[in-house]
Each structure stands twice: as structure tokens, then as C-alpha cells.
Amino acid sequence: MSFTGKYELQSQENFEPFMKALGLPDDQIQKGKDIKSISEIVQDGKKFKITVTTGSKVMHNEFTIGEECEIEMLTGEKVKAVVQMEGNNKLVANLKGLKSVTELNGDTITNTMTMGDLTYKRISKRI
């Protein structure tokens, strides 16, 4: 199953408490909570390029499954991580105490981030 495509954010749960826990300033949280971000994913075998555009902020990450890479976090901080694939439709990464699981089902991508007992969930649809 290929992740390649453009996806628009449809809904999200626990955005504000999760962003506060990450340490984002309140003004950025307020600006970001109502913006429909667009994620563009290009998959070439085990190589991935992911660009997430939220308003004027663009976050770009590239990685190869199973190899250490540098991932830009939502805060702009860059951390080293290894992204693994589970089955043929799930990407899992552990980033500095945060676990990210991205699952593709048909035209829907669900991204769940967990930090301690706090979970943030984003659901995006292919456009």
C-alpha cells in the first residue's frame, strides 16, 4: 500500500493540551488550532518525503524505513529517530519521549501521537 498523496486535515482531538505539553506558546496554539493543514507524502519504496503545510508554516521531513534520520518536531526542534513500518500501512517512530503512529486505511490517514498519558489524534483524508 502506498502512502503517496495529498491529505487534508479533517479533525483532531486534544490539540491544545498536547501542544501546551510540548511547550508551544499559547499564541501559536490559538493560531494553529483552526487551520486545516495539508500533508503531502511521497513514498519511493522505503524512502519517504513528508511535507506538512499549516498556514504559513511548512515542516519537511525525509526518512528511510529502519534508518536513523533527523525529524523536525512540531516545535521546530530537530531530533534523531528511526521510523519503522508495521505491516504495510503503519509508520511508527519514537521521538524524544513521544510516540508517533501513522496509519493509512484507504484514503484516510490517522496520526496518533502519545506523550506520557496524553494522546493527540489527527485524521486526514486524501484530496
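Any residue in the stretch 40-57 that is more than 19 Å from MET19 (Cβ to Cβ), out of contact with any Asp or Glu (no Cβ under 6 Å at 6 or more places or on another chain) and among the acidic types (Asp, Glu)?
Yes, the stretch 40-57 has at least one match.
Being of a type in the set (Ser, Thr, Tyr), at pLDDT below 95 and open to solvent by 80 Å² or more (accessible area, probe 1.4 Å) is the requirement here; does SER37 meet it?
Criteria not met by SER37.
Yes or no: LYS121 free of Cβ contacts under 8 Å to residues at least 24 places away in the same chain, closer than 18 Å to LEU22 by Cα, part of a strand (DSSP E or B) and out of contact with any helix residue (DSSP H, G or I) (no Cβ under 6 Å at 6 or more places or on another chain)?
In short, no.
Quickly run through the stretch 54-80 and pick out the residues that are modelled with pLDDT of 95 or more and among the small types (Gly, Ala, Ser).
Listed by number, the list holds a single entry, GLY66.
Enumerate the strands (runs of 3 or more DSSP E) found wholly within the stretch 1-109, keeping only those where 2 or more residues are free of Cβ contacts under 8 Å to residues at least 40 places away in the same chain.
Hits in the stretch 1-109: 38-44, 47-54, 57-64, 68-72, 78-86, 90-95, 98-105.
Of the residues that make up the stretch 19-34, is at least one open to solvent by less than 40 Å² (accessible area, probe 1.4 Å), in contact with a strand residue (DSSP E or B) (Cβ under 6 Å, 6 or more places away or on another chain) and of a type outside the set (Gly, Ala, Ser)?
no
Condition first: at pLDDT below 90, over 25 Å from ASP117 (Cβ atoms), out of contact with any helix residue (DSSP H, G or I) (no Cβ under 9 Å at 6 or more places or on another chain) and of a type in the set (S, T, N, Q). Can you find one or more residues in the stretch 85-106 that meet it?
There is no residue in the stretch 85-106 that is at pLDDT below 90, over 25 Å from ASP117 (Cβ atoms), out of contact with any helix residue (DSSP H, G or I) (no Cβ under 9 Å at 6 or more places or on another chain) and of a type in the set (S, T, N, Q).
The values are calculated or read from the model by the stated rules, or taken from the named source; none is laboratory data. Model, not experiment: these values are computed from the prediction. Neighbour counts run over all protein chains shown; Cβ positions are idealised from the backbone, glycine included. Keep in mind that these areas ignore ligands, DNA and RNA; they rest on the heavy atoms of the full protein, side chains included. Shrake-Rupley method; radii C 1.70, N 1.55, O 1.52, S 1.80 Å.
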